[in-house]
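Every number in this text was worked out from the coordinates using simple rules, so none of it is lab data. These figures come from a predicted structure and were not determined experimentally. Every residue, glycine as well, gets a Cβ built from its backbone with ideal geometry; the counts of neighbours run over all protein chains shown.
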Amino acid sequence: TRTAIRDRHRETAAAVLPEHTDLYVGGEFVTPDAGGTFDTVDPTTGEVLASVARGRESDVDRAVDAAWDAFEKTWSGYSAGRRQRVLTTIADTIEEHTDELARLETLDNGKPVSEAKIDVRGAAEQFRYFAGIVRENPGETMTAGSRYGQVVSEPYGVVGQIIPWNFPLLMASWKLAPALAAGNCTVLKPAEQTPLSALRLAELIDDIVPTGVVNVVTGYGEEAGSALTSNPDVRKLAFTGSTAVGKQVMKSAADSVTDVTLELGGKSPVVVFPDVSVRKAVALVESAIFYNTGECCEAGSRLFVHDDVADEVLDGLIAAVEDTTIGDPLDEATDLGPKVSREQVERTTDYLDSAREQGGQFLVGGDRPDDEHLADGCFVEPTLIEGLAHDADAVQAEIFGPVLTVFRWDDYDEMIDLANDVDYGLAGGVITDDITRANRTARDIEAGYVWINSYHDLVPGLPFGGYKQSGIGRELSADTLDHYRQTKTINLSLR
Ligand code: TXE
């Protein structure tokens, strides 16, 4: 019942909320210069979880100064081996707190706790991966005429990192781990919808990381976020979020010619060939779109299913949707939790309305669930829509909810043209047992990451990032270290 869910969430909150909800600057939790807080809400119950410090420009400036101070006094003097130990200890600490961090993430974001645990393990894994490659900075020597050159990579010093709310702890680790591995200090701005796991992480690493190396400034995007992007002492910006804000970040970075990496929205195609087992196709397509309530930048949100298997695959998907357990995300058995916020529910239902107006047929879902016990939460039904033209709003826009638009195909070239007919190019999926088709299609999809016969598994070591308006730069791999370093050439005259 509603009361039971609410009581359980209150009890869990009492056990796992961070002690501090202030800004983490220079190794201390401090109140913002101008005071002020904002509320972060539990999207399952609608109750306020915590009031969190509302950082603004002068707070960001303070954090950037603290980060430079730490860089100059301690961090730049740390050997790679010492940084490696720091990163490994962070990984161990995150792992030791898996259950606690997962429940905190579930309260703040609404994701099922089983998925939140995967996030926490993935966060620890990020630190472990970058700990493993910290020492890989060999530099180069070369000669050119009568010159002898050394080419070395050096950290930027202080970087600014802005993250979204869909994988709060995981995104924090995707940002922090490579930045620290490359030798930088950082100011991290979590999303205002989900600031709690970053604050808890700050508490957990306070004894591990030297003072001021990691700073966390909570606050709104237009205040703390934009202050970070326009601070000229920030030498590199890394942003994950919407394409619209990514463009603003880039413009703002241009004023001080600051290097930027961006991981932005997506509208990824999943292509099903006729040779596959229907069961396998259904399981992959289901996870591609409904994992994390569709709140994944790489979500496979446009299905292109071959005519020969379309009816069977769609029947299978409808059955899978009808089997989905929608409910309290603290429950291990829950498959689909609420969206992160009321605002996000509205965004999704607006797209559902527009799909209805533009001729979409709803195969299943299409609304908010009408169960009384879910009435307080930001729930949206898993939804399949067929019959939309490919230029319909719900097909072109990133909905970021549990909504799949479906297309049948039999002409390969036409299908690929449609698959690529969006502004985004983050990811894609190909489902077939024919290795040649699989590889050809993976090449033909204009995207930075294509899965063959799997989806969502992002493994440290394999670079992830977008084509087109989905971003610039790659995360999760050795390339990422280069995004956090700058190249210096030392030219020694041999004359
Ligand atoms: O994102 P924002 P929103 C997409 C998804 C979603 C839509 C809107 O389609 O429905 O974006 O979500 C900070 N300067 N994605 O509005 O605003 C903000 O505080 C600097 C896809 O929540 O982009 C937060 O920390 N920073 C995406 C972060 O940017 C600013 C994940 C992301 O928020 C800022 C999230 C500004 N002017 C949303 N304005 C993905 N790629 O996974 C906001 N921010």
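With the convex hull constructed from alpha-carbon coordinates only, segment 271-355 shows a mean projected area of 6.4 nm² over all directions. Here the ratio of the Cα radius of gyration of segment 353-495 to 2.2 N^0.38 Å is 1.44. Counting other Cβ atoms within 10 Å as a rough exposure proxy, the listed residues Leu476, Leu176 run Leu476, Leu176 from fewest neighbours to most. Please report how far the C-alpha centroid of segment 12-41 lies from that of segment 285-328, rounded to the nearest whole angstrom. If you average the Cα positions of each part, the centres end up 38 Å apart. Gly266 sits among other residues whose Cβ lies under 15 Å from its own Cβ, and their net charge, with Lys and Arg +1 and Asp and Glu -1, is -4.
Checked against a 32 Å cut-off, the cross-linked pairs Lys117/Lys251; Lys117/Lys488; Lys189/Lys339; Lys73/Lys339 give Cα-Cα distances beyond that limit for Lys117/Lys251; Lys117/Lys488; Lys73/Lys339. Computed about the Cα centre, the dipole magnitude for the chain is approximately 2460 debye when only Lys and Arg (+1) and Asp and Glu (-1) carry charge, each at its Cβ.
Each Lys or Arg adds one and each Asp or Glu takes one away; over the other residues whose Cβ falls under 13 Å from the Cβ of Ser354, this sums to -4. Taking other Cβ atoms within 10 Å as a rough exposure proxy, Thr143, Thr240 sort from fewest to most as Thr143, Thr240. With a/c under 1.5 counting as rounded, go ahead and sort segment 285-334 into rounded, prolate or oblate using the C-alpha gyration tensor (a ≥ b ≥ c being the square roots of the eigenvalues; past the cut-off, prolate if a/b is larger than b/c, else oblate). Here segment 285-334 falls in the oblate category. Going by a ≥ b ≥ c, the root eigenvalues of the Cα gyration tensor, does the chain fall in the rounded group (a/c under 1.5), the prolate group (a/b larger than b/c) or the oblate group? In terms of gyration-tensor shape, oblate. Highest average first, the peptides 57-66, 327-336 ordered by how many other beta carbon atoms sit within 10 Å of their residues are 57-66, 327-336. Between segment 436-495 and segment 104-156, what is the C-alpha centre distance in whole Å? Cα centroid of segment 436-495 versus Cα centroid of segment 104-156: 13 Å apart. Taking Cα atoms only, the orientation of helix 98-109 departs from the longest principal axis of the chain by about 70 degrees.
Reducing segment 229-280 and segment 365-395 to their Cα centroids gives an inter-centroid distance of 25 Å. The order of the peptides 70-77, 415-422 by mean Cβ neighbours within 10 Å, most packed first, is 415-422, 70-77. Across the chain, the mean sequence separation of Cα contacts (distance under 8 Å, 6 or more residues apart), normalised by length, yields a relative contact order of 18 percent.
For q values of 0.12, 0.13 Å⁻¹, compute log₁₀ I(q)/I(0) with the Debye formula on a Cα-only model of segment 377-426, without solvent. Normalising to I(0) and taking log10 leaves -0.31, -0.36. Ignoring solvent entirely, what values of log10 I(q)/I(0) come out of the Debye formula for segment 225-286 at 0.23 Å⁻¹ when each Cα is a single scatterer? Debye curve over Cα of segment 225-286, log10 I(q)/I(0) at q = 0.23 Å⁻¹: -0.86. Near Val313: Cβ cut-off under 11 Å, other residues only, Lys/Arg at +1 and Asp/Glu at -1. The net charge is -3. Compared with the dominant Cα axis of the chain, that is its longest principal axis, helix 80-96 is turned about 40°. Residues Thr218, Thr258 in ascending order of nearby Cβ atoms (within 10 Å, fewest first): Thr258, Thr218. The antiparallel fraction among DSSP beta bridges confined to segment 109-249 stands at about 30%.
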